[in-house]
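To keep things clear, I will list the structure first and then write my remarks on it.
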Amino acid sequence: MTDVSVTAAAGHDATEPEDGAADVQLVQILGLLAQGLTDAAVARQLHIGQRTVERRIAALMARHGIHSRIQLGVLAARRGWIEGHPVPQVEMLPLPRPDGAV
C-alpha cells in the first residue's frame with residue numbers, strides 16, 4: 001500500500017475540517033481512508049475508537065451537506081486535505097429523472 005501524504009499546511013483549506021489537534025486527527029483519518037482502510041482499521045492505526053472515526057466523518061459530511069463517502073473523498077482531494085490523490089475538475093451532468101423527463 002502506498003503512503004499518502006496529508007496536509008495541514010497554509011495555502012490549503014486543511015484548517016476547515018476542525019482546528020488544533022482535532023484538525024490533525026481528521027486529516028489523518030481522511031488520509032487513511034484514501035488508502036482504502038476501513039473505519040475499524042483507521043481506528044486501530046490511530047489508537048482511537050471506531051465510533052470516533054465514524055462520528056468525525058459524519059460530522060464533516062453533515063457540515064458540507066454531502067451524503068456519501070465518495071463525495072467526501074472528492075471534497076477532501078479538491079480542498080487539499082489529502083495530497084497524492086488529485087481529483088480533476090469535471091462538469092457534473094444532471095441525473096436522469098425517475099419519470100423520464102429531461
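Residue-by-condition table, conditions (1) over 18 Å from GLY31 (Cβ atoms); (2) modelled with pLDDT of 85 or more; (3) outside any loop (DSSP other than H, G, I, E, B); (4) not small (Gly, Ala, Ser):
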| site | (1), (2), (3), (4) |
| --- | --- |
| MET61 | no, yes, yes, yes |
| HIS85 | no, no, no, yes |
| GLU91 | yes, no, no, yes |
| LEU95 | yes, no, no, yes |
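Regarding GLY20, is this residue touching a Ser or Thr at 6+ places or on another chain (Cβ under 9 Å), modelled with pLDDT under 90 and at positive phi? The answer is no for GLY20. VAL53 fulfils the conditions (1) open to solvent by less than 60 Å² (accessible area, probe 1.4 Å); (2) at pLDDT below 90 except for a single criterion, (2).
The values are calculated or read from the model by the stated rules, or taken from the named source; none is laboratory data. Quick caveat: nothing in here was measured; it's all calculated off a predicted structure. With ideal geometry, Cβ positions are generated from the backbone for all residues, glycine too; neighbour counts draw on all protein chains shown. These accessible areas exclude ligands, DNA and RNA; they are computed on the full protein's heavy atoms, side chains included. Shrake-Rupley method; radii C 1.70, N 1.55, O 1.52, S 1.80 Å.
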